[in-house]
1. Using the scaling law 2.2 N^0.38 Å as the reference, what is the normalised Cα Rg of segment 111-187?
2. Given the peptides 45-51, 186-192, arrange them by the average over their residues of other C-beta atoms within 10 Å, most packed first.
3. Could you work out how far helix 266-277 tilts from the main Cα principal axis of the chain, as a 0 to 90 degree angle to the nearest 10?
4. If you take the beta carbon distance between R205 and T73 as r and set R0 to 25 Å, what does 1/(1 + (r/R0)^6) give as a FRET efficiency, to the nearest 0.05?
5. Expressed as a rounded percentage, what relative contact order does the chain have, with Cα pairs under 8 Å and six or more residues apart?
6. Using the alpha carbons of segment 164-292, what is the convex hull volume per residue in cubic angstrom, as a whole number?
7. What 222 nm value per residue comes from the helices of the chain, counting each DSSP H run with n ≥ 4 as -39,500 (n - 2.57) and dividing by all residues, nearest 500 deg cm²/dmol?
8. Between helix 141-162 and the chain, what is the angle of the helix's C-alpha long axis to the longest principal axis, kept within 0 to 90° and rounded to the nearest 10?
Amino acid sequence: MRLVSLLPSATEIVYALGLGDDLVGVTFECDEPPYARERNTVVVGGRDTRGMTPAEIDEYVKSQLTAGGDLYTLHADALAGLAPDLILTQDLCRVCALPSDHVDAALDHLGCRADVLSLDPYTLDQVLETFAQVGEAAGVPDRAAALVASLRARLARVARAVAGRRRPRVAVVEWVDPPFTAGHWVPDLVTAAGGDPVAARGGLRSTETSYADLAAPDPEIVLVTPCGFHLDGAAAQARAVIPHFPGAQIWAVDGDGLVVRPGPRLIDGVEAIAAILHPDAVPAPPPGRIERVA
């Protein structure tokens, strides 16, 4: 089976299921594993936002969406040339990846026959369910079941480690300028890590808010996990939120690696967050994943 992934999390799922040799197409943002773009044809491009501030990125996104423009470009001819059997895409967020209707339209125009599987989880349990969906569609349901079982076993270990402990109030800032709440599966990560997510929208889309609303529940710990950034970028942005949360611990977290992409590494995120909330009960993660800035 020839697979094409149109979002970074799906690429991670494909490799976690041992299907890397079947993958033929990826996006310009697929950086896990690091060799994903080198070994596959890039079929989705987009604007390079490196060097732009969070406010500039937000303004660019809003202006494109308001004008009915696209944030991503599907290289349709390249896609057709790959003759895929299965394409993995999403309708969860137009800011995060190419919507599936763009893919369907391109396939119809090209006369390309391929199954299109849209992965649209809103909770942590639903994220795990998507692994089974990909495994079923790709013909490896047993591998998917084993992967999910191993990830749930890790979640159970964290749950045992934090059981009976006081849950600190945790606010997550998914974007810093303007601030956005924690949405989708992110509050589930905090809960699984032994925290009490506040100013959050579990199972719902993340929305723009104010720092006053984020600070109103008096969070003890603030996690800054900006979409599109790894730890260095998150740490730089986390320092900007310090004045809004006097007295709280401020932590930067590798957003793309641990929190915002609905792939297997979300469990790494739970373990890393648990180490922040309960450092005497959960081992610290490897370097490069979290950093306290205040």
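Every read-out reported here was derived from the displayed coordinates using simple, explicitly stated rules and does not represent laboratory data. Computed from a prediction, not measured in an experiment: that's the story for all the values here. Here Cβ is always computed from backbone atoms with ideal geometry, including for glycine, and neighbour counts include all displayed protein chains.
1. Normalised by 2.2 N^0.38 Å, the Cα Rg of segment 111-187 equals 1.50.
2. 186-192, 45-51
3. With rounding to tens, the tilt is 10 degrees.
4. Calculated value: 0.55.
5. The value is 14 percent.
6. Details: hull volume 12.1 nm³, N = 129.
Once divided by residue count, the hull of segment 164-292 is 94 Å³.
7. Taken over the chain, the calculation gives -12000 deg cm²/dmol.
8. 10
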